[in-house]
Amino acid sequence: MLAETVLEPGDELPYGWPSFSTYEFMANLMRARSVQVPLKDFTFDLDAIAEAVTPKTKMVIICNPNNPTGTVVDAASVERFLDRMRDEVLVVLDEAYAEYVHDFDYPDSRKLILEGRNVISLRTFSKAYGLAGARIGYSVARPALTEAVNKVRQPFNVSSIAQAGALAALADQEHLRASVQFADRGRAQLYEAFAVMGLAYVPSWTNFVLVDIGIDAACAFEELLRRGVIVRPQTACGLLPTHLRVTVGTARRTGRSSGHSRTCSRRRGRGSALHGARRTLYAPNHGLLRAYQALDVRSEYRLPQGEAGVEVVVVGSEFGLQGEALKHG
Ligand SMILES: Cc1ncc(COP(=O)(O)O)c(C=O)c1O
C-alpha cells in the first residue's frame with residue numbers, strides 16, 4: 001500500500017541489502033528501481049544509503065532490526081540520517097521486530113513523527129505478539145500520509161477477528177514479555193551451539209540468528225528439511241551462499257542446555273582451522289542433534305548411552321549421509 005501511495009515508475013527505492021525481500025517486490029510492482037545498498041558488518045549502512053539518494057528518490061527503507069541479519073541501528077544514527085534527507089523523502093522504518101529489542105538506544109519513531117520528521121513506522125503482530133496467521137499490523141505516521149495510504153487500501157482489508165486478536169495482544173503485555181524472554185533464551189542457546197560448532201553467527205535482536213555454516217546453504221536446507229528441521233537459506237539474495245537463518249523454537253526444539261554433553265569428533269574439509277579438533281557439544285535434544293548432523297555432515301556425533309536409552313551414531317559425507325544408525329530407546 002505504501003509503495004502504491006508513494007512510488008511512481010522510474011523512481012528509485014534505496015534500502016540495505018540483504019534485507020526483507022518484499023522491498024524488491026514493492027519497487028517492481030510500481031516499476032520503480034530498487035537500489036540495494038550493501039550492509040556494513042551485516043548492519044544497515046545509513047551513510048551509504050544517504051549517499052544513494054538522488055532526485056528520483058521519494059522513499060527509503062530502513063529495516064530495524066534487519067531481516068535476515070537481526071542487527072539494529074541506534075537512535076542517534078537514525079537522527080543523523082534524517083538530518084541528511086530532503087524533507088520530501090519519506091523514511092520508512094520497518095520495525096517488524098522492534099518488540100524484541102531492549103537495553104538498546106532504539107529509535108523512538110513516534111517521537112520522530114511528532115517532531116515533524118517525514119517518517120512512517122511499520123509494525124506487525126506477526127512476530128513478538130505471535131499472531132502471524134491473523135495477518136494484521138499497523139503503521140504510525142502523520143495524518144496526511146495515513147489518509148493517503150487509506151485511499152489505496154481495500155475496504156475491510158483486516159478482518160474483525162484479527163482486530164480483536166490484535167487488541168487482546170496489545171492488552172496482554174505479560175505475554176509479550178514472555179515472548180521476548182523466550183527469544184532471548186533461544187538466541188543464547190543457538191549462540192552457544194554455534195560457538196561449540198565453530199560456526200560464525202551474527203548477534204541478533206530478533207527471534208532468529210543468521211549463521212554461516214561454511215557449506216552450501218541450499219543443500220543444508222534440503223537436508224534439514226528431510227530431517228524435520230526448517231531453516232531459511234539466504235541464497236536468494238545472492239550474497240550469503242553459506243548462511244542459514246535459524247529461528248528460535250521451543251526450548252525442546254532449539255536444544256536444551258541442561259548438563260548433558262556430547263562428544264563430537266569433527267572432521268571438517270581440508271583447509272579448515274578446525275580440522276581434527278575434538279569438541280564437546282552441550283545437551284542437544286534429538287531435533288538439534290539432527291540439525292548438527294546436517295549442518296556439519298562430515299562429523300561423527302555420539303550421544304552417550306543412558307539418556308532414555310538412546311544412541312545415535314551418524315557419519316556423514318557431503319549430503320548423502322552414510323552409515324547412519326538412529327535408534328530411539
Ligand atoms: C522485516 C519485515 N517486515 C515486515 C514483515 C511483514 O510481516 P507481516 O506481513 O507478517 O505483518 C516481515 C515478515 O517476515 C519482516 O521480516
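The values are calculated or read from the model by the stated rules, or taken from the named source; none is laboratory data. Everything quoted here is computed from the prediction, not taken from an experiment. Quick reminder, even Gly has a Cβ in these numbers, built from the backbone with ideal geometry, and neighbours come from all protein chains shown.
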Residues that are crowded, with 20+ Cβ neighbours inside 10 Å and closer than 15 Å to A48 by Cβ, drawn from region 1-12: none
In region 45-101, residue nearest to V211 (Cα to Cα) [restricted to those that are hydroxyl-bearing (S, T, Y) and within 24 Å of the chain's Cα centre (by Cα)]: T69
Restricting region 13-41 to residues that are in contact with a strand residue (DSSP E or B) (Cβ under 7 Å, 6 or more places away or on another chain) and polar (S, T, N, Q), the residue that is surrounded by the most Cβ atoms within 10 Å (Cβ to Cβ): S19
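Say whether the condition of being in a strand (DSSP E or B), of a type in the set (D, E, K, R) and assigned by TED's automatic domain parsing to the domain that holds R80 is met by at least one residue in region 8-19. Before you say what the answer is, go through the steps one by one.
Taking region 8-19 first, the residues in a strand (DSSP E or B) are 12-17.
So of that shortlist, the ones also of a type in the set (D, E, K, R) come out as 12.
After this cut, where a residue has to be assigned by TED's automatic domain parsing to the domain that holds R80 as well, the list is 12.
Checking region 8-19: at least one residue is in a strand (DSSP E or B), of a type in the set (D, E, K, R) and assigned by TED's automatic domain parsing to the domain that holds R80.
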Residues of region 31-57 satisfying the condition of being of a type in the set (V, I, T), over 19 Å from V119 (Cβ atoms) and within 16 Å of the ligand (Cβ to nearest atom): T43
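Considering only residues that are part of a loop (DSSP other than H, G, I, E, B) and surrounded by fewer than 20 Cβ atoms within 10 Å (Cβ to Cβ), look in region 122-149 and name the one that is nearest to the ligand (Cβ to nearest atom). Show your work before the answer.
Our first condition is that a residue be part of a loop (DSSP other than H, G, I, E, B); within region 122-149, this holds for 125-131, 135-136, 141-142.
If we keep only those that are surrounded by fewer than 20 Cβ atoms within 10 Å (Cβ to Cβ) too, we end up with 126, 130-131, 135, 142.
Numbers: S126: 3, G130: 11, L131: 9, R135: 7, R142: 21 Å.
Ranking the qualifying residues of region 122-149, first place goes to S126.
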Single unsatisfied condition, V196 versus (1) crowded, with 19+ Cβ neighbours inside 10 Å; (2) in contact with a Leu (Cβ under 8 Å, 6 or more places away or on another chain): (1)
Any hit, region 89-104, residues being part of a loop (DSSP other than H, G, I, E, B), in contact with a strand residue (DSSP E or B) (Cβ under 7 Å, 6 or more places away or on another chain) and surrounded by fewer than 18 Cβ atoms within 10 Å (Cβ to Cβ): yes
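Could you tell me whether V158 is among the aliphatic types (A, V, I, L, M) and in contact with a Ser or Thr (Cβ under 7 Å, 6 or more places away or on another chain)?
On the way: among the aliphatic types (A, V, I, L, M): yes; in contact with a Ser or Thr (Cβ under 7 Å, 6 or more places away or on another chain): no.
When the stated conditions are applied, V158 does not pass them.
Just checking, which of V78, V53, V72 is in contact (Cβ under 8 Å) with a residue 60 or more places away in the chain and either polar (S, T, N, Q) or not assigned by TED's automatic domain parsing to the domain that holds V202 (or both)? Before the answer, list the steps.
On the way: V78 fails: in contact (Cβ under 8 Å) with a residue 60 or more places away in the chain; V53 fails: in contact (Cβ under 8 Å) with a residue 60 or more places away in the chain.
Being in contact (Cβ under 8 Å) with a residue 60 or more places away in the chain and either polar (S, T, N, Q) or not assigned by TED's automatic domain parsing to the domain that holds V202 (or both) holds for just one of V78, V53, V72, which is V72.
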V60 being modelled with pLDDT of 95 or more, within 16 Å of the ligand (Cβ to nearest atom), surrounded by 18 or more Cβ atoms within 10 Å (Cβ to Cβ) and assigned to a loop (DSSP other than H, G, I, E, B): no
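Is at least one residue of region 73-85 closer than 17 Å to S19 by Cβ, part of a loop (DSSP other than H, G, I, E, B), within 16 Å of the ligand (Cβ to nearest atom) and not charged (D, E, K, R)?
Yes, because at least one residue in region 73-85 is closer than 17 Å to S19 by Cβ, part of a loop (DSSP other than H, G, I, E, B), within 16 Å of the ligand (Cβ to nearest atom) and not charged (D, E, K, R).
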